[in-house]
Amino acid sequence: MLNPSIRKYMKTHDIPYKTISHPRAYTASQCAQAAHIKGNHFAKSVVVKLDGKFTLVAIPANTRLNLELLKKETRAKRAEIAKEFEFQDKFKDCEVGAIPLFGELYNMDVYLADSLAHKEWFVFNAGNHDQLLKIKRDDFLNLVHPKALLQC
């Protein structure tokens, strides 16, 4: 069943989406494989601290985040991947490691990899380890308003 806060958020904003159920998986690559989604269409959430502020960065499942490039593109002095124990209390309605890309729900900015912005649609975790959300790129951009499209 879809996370209630996400379901309410999508309904409130009248955003069409599709849920995709899959066998439990814990990494972005495993989720993509379990759901038969290409890694470049799966947006994994990476929680990063930019100058000490928690931020969500969405990158394709088949890539690694380049922190130096992220720092340069966001003009941050410091960029580091946050540790789960540092932010898990922000996502009380989600299973650990299954963070959706809705920064507004968690009072966080969102940055999106440019390569995802060129996809017609992509999928991401729906707050648990056995369900994904599929959303059209334009709907995502209109809903989330990412701060920037990153080359990383």
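The values are calculated or read from the model by the stated rules, or taken from the named source; none is laboratory data. The structure displayed is predicted, hence computed values, not measured ones. Using ideal geometry, Cβ is built from the backbone for each residue, glycine included, and neighbour counts are taken over all protein chains shown.
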(request) Among the numbered conditions (1) touching a helix residue (DSSP H, G or I) at 6+ places or on another chain (Cβ under 8 Å); (2) closer than 14 Å to Gln131 by Cα, tell me where Asn3 comes up short. (result) (1)
(request) Taking only segment 54-113 into account, find how many residues are touching a residue at least 40 places away in the same chain (Cβ under 8 Å), part of a loop (DSSP other than H, G, I, E, B) and within 19 Å of Val144 (Cβ to Cβ). (result) 8
(request) Please go through segment 31-41 and pick out each residue that is farther than 20 Å from Phe87 by Cβ, under 16 Å from the mean Cα position of the chain (by Cα) and not in a loop (DSSP other than H, G, I, E, B). (result) Ala32, Gly39, Asn40, His41
(message) Restricting to segment 79-108, and then to whatever is among the basic types (Lys, Arg) and exposed (fewer than 12 other Cβ atoms within 10 Å of the Cβ), can you tell me which residue is farthest from Thr19 (Cα to Cα)?
(response) Lys83
(message) Please determine whether any residue of segment 78-98 is of a type outside the set (Ser, Thr, Tyr) and in contact with a Ser or Thr (Cβ under 7 Å, 6 or more places away or on another chain).
(response) yes
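Residue-by-condition table, conditions (1) at positive phi; (2) under 14 Å from the mean Cα position of the chain (by Cα); (3) at pLDDT 95 or above; (4) among the hydroxyl-bearing types (Ser, Thr, Tyr):
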position	(1), (2), (3), (4)
Ser5	no, no, no, yes
Ala43	no, yes, no, no
Leu50	no, no, yes, no
Val57	no, yes, yes, no
Asn66	no, no, no, no
Leu69	no, no, no, no
Lys77	no, no, yes, no
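Matching residues to (1) of a type in the set (Phe, Trp, Tyr); (2) surrounded by fewer than 16 Cβ atoms within 10 Å (Cβ to Cβ):
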site	(1), (2)
Lys8	no, yes
Ile15	no, no
Pro23	no, yes
Cys31	no, no
Lys38	no, yes
Phe42	yes, no
(message) Here are the criteria: (1) surrounded by fewer than 17 Cβ atoms within 10 Å (Cβ to Cβ); (2) touching a Lys or Arg at 6+ places or on another chain (Cβ under 8 Å); (3) in a helix (DSSP H, G or I). Tell me which single one Thr19 does not satisfy.
(response) (3)
